[in-house]
Each structure stands twice: as C-alpha cells, then as structure tokens.
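Notes follow the structure.
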Amino acid sequence: MSDIFKELADAVMTQNINGTVEKTKEALANGTPALDIIQKGLSEGMKIVGEKFETGELFLPQIMMSAKAMNSAMEILQPELAKGDGSESAGICISFVQEGDIHDIGNRLVSTMLGANGFTVKTLGVDISNETVVDEVKKADADKVLLVGSALMTTSMLGQKDLMILINEEGVRAKAKCMFGGAPVSQAWIDEIGADGTAENAAEAVNVAKKIM
Ligand code: HCB
C-alpha cells in the first residue's frame, strides 16, 4: 500500500476525523483519483476496523467514530465522484439498504458511482421494507429498473431472499433487475436466491449494472 493510502486507512482506523479529512484533501490535491482514495485507502481502514470489532479489540463507539471519519471524507469526495459526462440516462436504479440494517456507507458510494456513470438513481435510504421496494418498482415509469440493494449483516441479508420471493409473487420479476451487495453477499448467495448479480465494490457495481441492464 502506498504511503498516502496507508495514511488514509490509519486515519480511519484510529478514529481521527480531522486527520481523515486532511489526508483526503491532501490526496485529492496531489491528483489521487477519488475512487482510489476510497477503495485503496478509506475502505481498507474500515475493513480492519470491522475485523478488530469482531475480535473484541474495538467497540461500538469506536466503530461509530471511524464511520464518522469515513463519512466526513465522503462528503468531500462525493462531488468529485458525481462528475458525470451528462450523457443520456443508462437506466433507472432504485437504491436501498435492507430492512433492519442501517449500514449505508457502501450503498451511498455505489449509488453515487452509478449516478456518475449515467444512471438515474432514486435512493430510498436505510431500513427499507421489501413491500416498499416492490411498490417503488411498480411505480417506476420504465420497462425495467435496477434494484441496488445492500445488506451488511447476515441477518438482513436473508431479507434479500424474501425480496426475490415477493418480486416473483407480485409479478414484477421481468421489470426488476436485481443487483445486491454488501460484505456478506456472495455470488453463491445471488445464485441461490435467483438474483441477477453482485459486486465487491462500487466500480465493479457499475460494470455489473451495465451488463444487467
Ligand atoms: Co456494523 N457491523 N453494526 N456498524 N459495521 C458490521 C457490518 C459487522 C460485519 C462487524 C463485525 O462483526 N465484524 C457486523 C455484522 C455481523 C454479521 O451480521 N455478520 C456489524 C454489527 C454486528 C453491527 C451492530 C449490530 C452492532 C451492535 O449494535 N451491536 C449494529 C447494527 C445496526 C443495524 O444495522 N441495525 C452496527 C452498527 C454500525 C455503525 C452504526 C457503528 C456503523 C455503520 C455506519 C453507517 O453505515 N452509517 C457500522 C460499521 C461502519 C460497520 C463496519 C465496520 C464497516 C461497514 C462499512 O461501512 N464498510 C462493518 C465491518 C465490515 O463490513 N466488514 C461492521 C465500508 C463500505 C465502503 O463497504 O461493504 O458497505 P461495504 O460496501 C461495498 C461493497 O460491499 C459493495 O460496494 C461497496 C463500496 O465499495 N456494495 C454493493 C455494497 N452494497 C452494494 C450493493 C450492490 O448492488 C452492489 C455492490
């Protein structure tokens, strides 16, 4: 990992909010692409925070501070990421975090990247019920819409399976293209529940979205 990426990751890991903001500004000023700052720096820090939480080395208040540090950096980076080319819409996306789940950092990042790549994104937010998602699909004024669903917990991930069942029951499967992601989501899970695709990060999500749509 290069020095600046390591410094960004360290700033998130040590809950250094001002430091994360300063390092982000420094990296941007040096010409580092916003997406690299996130994927090679900030997200790597969050990954380690998650591991340390699991092993009991870090506690919830510390994770919250790390998330705050990452979000503060994202506020600076989002306008950079959102610079699209103004071309025609690549399609409509409905973006949401599964019911019972409030982890929204990754979902917001994926939504921003899709927007920057020509998709029209409607963001529903966190803790969204499957009924709400299906209603939004029905309301959408398009032949097909891309669902961009995130789940960060093994519990909330199960809701994605129920969503696929509801989509089929409500007769909107042909209209709803389903891309689901989040740390516990794997290709095996996507195959099991009969969704259309997943992605490990926001850049890959854009490629998968284009393929699905
Ligand atoms: Co949270 N938390 N947390 N948490 N949290 C996790 C997710 C654990 C894995 C940590 C652990 O134990 N190792 C764990 C879940 C365990 C499990 O179910 N297996 C966990 C837990 C248990 C909890 C609480 C229950 C803790 C408690 O209260 N005791 C609680 C749950 C609250 C709730 O949701 N009801 C909780 C709370 C929190 C916060 C509030 C402190 C904070 C969230 C702040 C926020 O999002 N606004 C938080 C955080 C930050 C994490 C970790 C550390 C990082 C998540 C993150 O932001 N990653 C996480 C550890 C981990 O994930 N390994 C931990 C960075 C982003 C950029 O990555 O994976 O979200 P991402 O998104 C990627 C990728 O997945 C993909 O692209 C994104 C961008 O690259 N992607 C998609 C995402 N969505 C996609 C959709 C698509 O269609 C395609 C691709």
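Worth pointing out:
- Shape of region 91-212, Cα gyration tensor, a/c cut at 1.5: rounded
- When the Cα positions of Leu42, Thr55, Ile212 are compared along the charge dipole of the chain, Ile212 comes out farthest toward the positive end, with charges on each C-beta of Lys, Arg, Asp and Glu.
- Alpha carbon convex hull of the chain, projected area averaged over orientations, nm²: 11.7
- Cross-link pairs Lys68/Lys177; Lys175/Lys210; Lys122/Lys175; Lys25/Lys68; Lys122/Lys210 - those with Cα-Cα distance over 21 Å: Lys68/Lys177
- Value of relative contact order over region 1-143, rounded to a whole percent, pairs C-alpha under 8 Å and six or more apart: 22
- Its DSSP H runs of at least 4 residues, each contributing -39,500 (n - 2.57), put the calculated 222 nm mean residue ellipticity of the chain at -17000 deg cm²/dmol, to the nearest 500.
- Solvent-accessible area per residue in region 3-81 equals 52 Å², computed with a 1.4 angstrom probe and all protein chains kept.
- Whole-percent carbon and sulfur share, accessible surface of region 1-74, 1.4 Å: 58
- Accessible surface of region 91-212, 1.4 Å probe, proportion on carbon and sulfur as whole %: 50
- Assuming charge only on the beta carbon of Lys and Arg (+1) and of Asp and Glu (-1), the dipole of region 5-147 about its Cα centre is about 240 debye to the nearest 20.
The values are calculated or read from the model by the stated rules, or taken from the named source; none is laboratory data. Quantities reported herein were computed from a predicted structural model and do not represent experimental measurements. We place every Cβ from the backbone using ideal geometry, glycine too, and count neighbours over all the protein chains shown. Ligands, DNA and RNA are excluded from the accessible area calculation, which covers all protein heavy atoms including side chains. Shrake-Rupley method; radii C 1.70, N 1.55, O 1.52, S 1.80 Å.
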